[in-house]
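Bear in mind these aren't lab numbers, they're just calculated from the coordinates by the rules spelled out. In this text, all values refer to a predicted model and were calculated from it rather than measured experimentally. Counting neighbours? That spans all protein chains shown, and the Cβs are built from the backbone with ideal geometry, glycine included.
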Amino acid sequence: MPAPAPRTGHEPPAHRDAFFDNAKYLAIVLVAMGHAWEPLRSESRAVSALYMFVYTFHMPAFIVVSGYFSRTFVASPRNIRRLVTGVVVPYVLFETAYTWFTRWTDGVPGRPVSLLDPLYLTWFLAALLIWRLTAPVFRSVRHPLPLALGVAALATLSPSIGKDLDLQRALQFLPYFVLGLCLRPEHFRLVRSRRVRALAVPVFAGALAFAYWAVPRVDNAWLFHRSAAVAFGVPAWYGPVMTMALFGCSVTLTACFFSWVPGRRLWFTTLGAGTLYGYLLHGFFVQAANHWHWSDHRWSHTVVGGITVSVIVAALVTALCTPPVRRVFRFAVEPRMDWAFRPAPLESRYRGDAP
């Protein structure tokens, strides 16, 4: 879930904030690890607890950062072009690619290409399109976050919401994007204070312990935010309650995660600019590995095996964020498409209409 900041296309590296690049890189590593842990949960309560713990905040962290960098989004020609080339076109290409690829991995040769029903990881791009287009609306209202929470709560009461653009998930994750819209640089400075960093340690420990307790008692599918409450076999009113409870837990753990993200430039800082590549490409490796039933081997269910798998996946997603990979796949993830757009008016180049 993962989330590229809108780019000017010509910013020198010095203008990038190392903190956000570090946060995006670390979050994408957790996303990839979570996908690797999924087939290991059935035989390990500890892995299931770690899975639940990480899923509580890794996508919310990505979405908060996406919202933060959409604070000044307006429907200017320049920003619409970025939205098309950075979200719409990658969505179409990867939705098609994943459909063809999973025909082999899932053994469904007749699976149709449907641009309205996002497959696997592409839901994030569909949701990002919706969130960005609604950003000016939420910036205009007096109480954007309560409004977004209300929308998310109502979505959990609406099982009739179809699969078009995975709207259920887009609406339920909407509050995290709107929270990012509401944040300012001083909020991140506050979260990264020494006091908050110290408090994050017991909070993380308590959350892990709670996740271990909750494994046999709570359906972790709530963390995916893709179904209405009645789909879990519970009364409809559980939906709004879980919306508020999960939002509180996710925001708390996201703040703890941000508190420990380094603010200085490190060896992986530059990889933060390529997290969308890591996000979209690592799914092909995960799908292929699952096709070959790698988790059927007993070694993968041992402690050493689980750690080894985690390290391999972290190394893989790291490699997918590197400049050589980005150069190869830029045509799909960040196409220029100068041929499709009119030249920007001269005056718009100096308006500062992009974050």
Applying the gyration tensor rule to the Cα atoms of the stretch 155-210 (axes a ≥ b ≥ c; rounded if a/c under 1.5, else prolate if a/b exceeds b/c, else oblate), the class is oblate
Proxy reagent accessibility, fewest Cβ within 10 Å first, across F101, F188, F258
F101, F188, F258
Tabulate in residue order the Karplus-calculated ³J(HN,Hα) for the stretch 112-124, using 6.51 cos²θ - 1.76 cosθ + 1.60 with θ = phi - 60°, rounded to whole Hz; enter x for Gly and Pro.
x, 7, 10, 6, 9, 10, x, 10, 6, 7, 6, 4, 5
Using the Karplus curve 6.51 cos²θ - 1.76 cosθ + 1.60 with θ = phi - 60°, work out ³J(HN,Hα) for each residue of the stretch 324-341 in order, rounded to whole Hz, and write x for Gly and Pro.
x, 5, 5, 5, 5, 9, 4, 4, 9, 9, 9, x, 6, 6, 4, 5, 9, 10
Where a ≥ b ≥ c are root eigenvalues of the Cα gyration tensor, a/c under 1.5 meaning rounded, otherwise prolate if a/b exceeds b/c and oblate otherwise, the chain counts as rounded
Report relative contact order for the stretch 54-149 in percent, whole number only (criteria: Cα-Cα under 8 Å, sequence separation at least 6).
32
Helix-only estimate, please: 222 nm mean residue ellipticity of the chain, summing -39500 (n - 2.57) across DSSP H runs of length 4 or more and dividing by its residues, to the nearest 500.
-19500 deg cm²/dmol
Kindly put E186, E95, E334 in sequence by how many other C-beta atoms sit within 10 Å of each C-beta, fewest to most.
E186, E334, E95
With θ set to phi - 60°, apply the Karplus curve 6.51 cos²θ - 1.76 cosθ + 1.60 along the stretch 289-300 and write out the HN-Hα couplings as whole Hz, x wherever there is a Gly or Pro.
4, 5, 4, 8, 6, 4, 6, 6, 6, 4, 4, 5
Tally Lys/Arg at +1 and Asp/Glu at -1 over every other residue whose Cβ is under 9 Å from the Cβ of D117; what's the total?
-2
Neighbour counts of other C-beta atoms within 10 Å: give me V328, V261 arranged from fewest to most.
V328, V261
Fully extended, how many nm does the chain gain between I307 and L190 (0.36 nm per residue separation, minus their Cα-Cα distance)?
38.8 nm
